[in-house]
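J.: Provided herewith is a single structure, encoded as structure tokens, for subsequent inquiry.
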Amino acid sequence: MYQFSYAEIMEDGVADAKERERQTLDRSIELLTAARDEGKYSRHTIEAVFYTRRVWIRFIEDLKQPENELDIELRANLISIAIWILKECEKIRTRQSENYQGIIDVTTIIKDGLK
């Protein structure tokens, strides 16, 4: 039987969490890309906007937790980015914008930073 140190278990937990976050952001990017490519307000748009909103609202909730071990400045920056994404999603939802690519680009940068 193997025995793992607490640090090894925590490292695996962090790696698993980052992988889940990457997968979640990948799904958001896929949905936004499909909505962008369709070129009109559609079911794809609704699905992409609501999924993306849920993701970033959850990220904000996590970033606000005192147990979150990220640097305070990084957490604040990520919350600011999340708020911008939420505002852009609302503009798309209300048909005031079609800035899918902006959200896709920013989400891709965040996802790539999780490695």
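The values are calculated or read from the model by the stated rules, or taken from the named source; none is laboratory data. The structure presented is a predicted model; accordingly, all values stated were derived computationally and were not measured. Backbone-built Cβ (ideal geometry, glycine too); neighbour counts: all protein chains shown.
J.: Does N77 satisfy the criteria of being out of contact with any strand residue (DSSP E or B) (no Cβ under 9 Å at 6 or more places or on another chain), modelled with pLDDT of 95 or more and surrounded by fewer than 17 Cβ atoms within 10 Å (Cβ to Cβ)?
T.: Numbers: out of contact with any strand residue (DSSP E or B) (no Cβ under 9 Å at 6 or more places or on another chain): yes; modelled with pLDDT of 95 or more: yes; surrounded by fewer than 17 Cβ atoms within 10 Å (Cβ to Cβ): yes.
So N77 fits the description; yes.
J.: Next up: Can you tell me which residue in region 1-23 is farthest from A48 (Cα to Cα), limited to those that are at pLDDT 50 or above and exposed (fewer than 12 other Cβ atoms within 10 Å of the Cβ)?
T.: D12
J.: Testing K40 on (1) farther than 14 Å from L25 by Cβ; (2) modelled with pLDDT of 95 or more; (3) not hydrophobic (A, V, I, L, M, F, W, C), one condition comes back false. Which one is that?
T.: (2)
J.: With respect to the numbered conditions (1) farther than 17 Å from E30 by Cα; (2) surrounded by fewer than 17 Cβ atoms within 10 Å (Cβ to Cβ); (3) under 10 Å from the mean Cα position of the chain (by Cα), which one is the sole condition not fulfilled by A82?
T.: (2)
J.: Separate question: Going by the structure shown, is D26 under 11 Å from the mean Cα position of the chain (by Cα), among the acidic types (D, E) and at pLDDT 95 or above?
T.: Working: under 11 Å from the mean Cα position of the chain (by Cα): yes; among the acidic types (D, E): yes; at pLDDT 95 or above: yes.
Yes.
J.: Taking the stated definitions as given, is L70 surrounded by 12 or more Cβ atoms within 10 Å (Cβ to Cβ) and free of Cβ contacts under 8 Å to residues at least 24 places away in the same chain? Working first, answer last.
T.: Numbers: surrounded by 12 or more Cβ atoms within 10 Å (Cβ to Cβ): yes; free of Cβ contacts under 8 Å to residues at least 24 places away in the same chain: yes.
For L70, the condition - surrounded by 12 or more Cβ atoms within 10 Å (Cβ to Cβ) and free of Cβ contacts under 8 Å to residues at least 24 places away in the same chain - is met.
J.: Out of T52, T94, I need the residue that is of a type outside the set (G, A, S), modelled with pLDDT of 95 or more and within 16 Å of the chain's Cα centre (by Cα). Which one? Please lay out each step first, then the result.
T.: Working: T94 fails: within 16 Å of the chain's Cα centre (by Cα).
After applying the criteria, what remains is T52.
J.: Let me ask something else. I104 - would you say it is of a type outside the set (F, W, Y), over 23 Å from K115 (Cβ atoms) and surrounded by 12 or more Cβ atoms within 10 Å (Cβ to Cβ)?
T.: On the way: of a type outside the set (F, W, Y): yes; over 23 Å from K115 (Cβ atoms): no; surrounded by 12 or more Cβ atoms within 10 Å (Cβ to Cβ): yes.
For I104, the condition - of a type outside the set (F, W, Y), over 23 Å from K115 (Cβ atoms) and surrounded by 12 or more Cβ atoms within 10 Å (Cβ to Cβ) - is not met.
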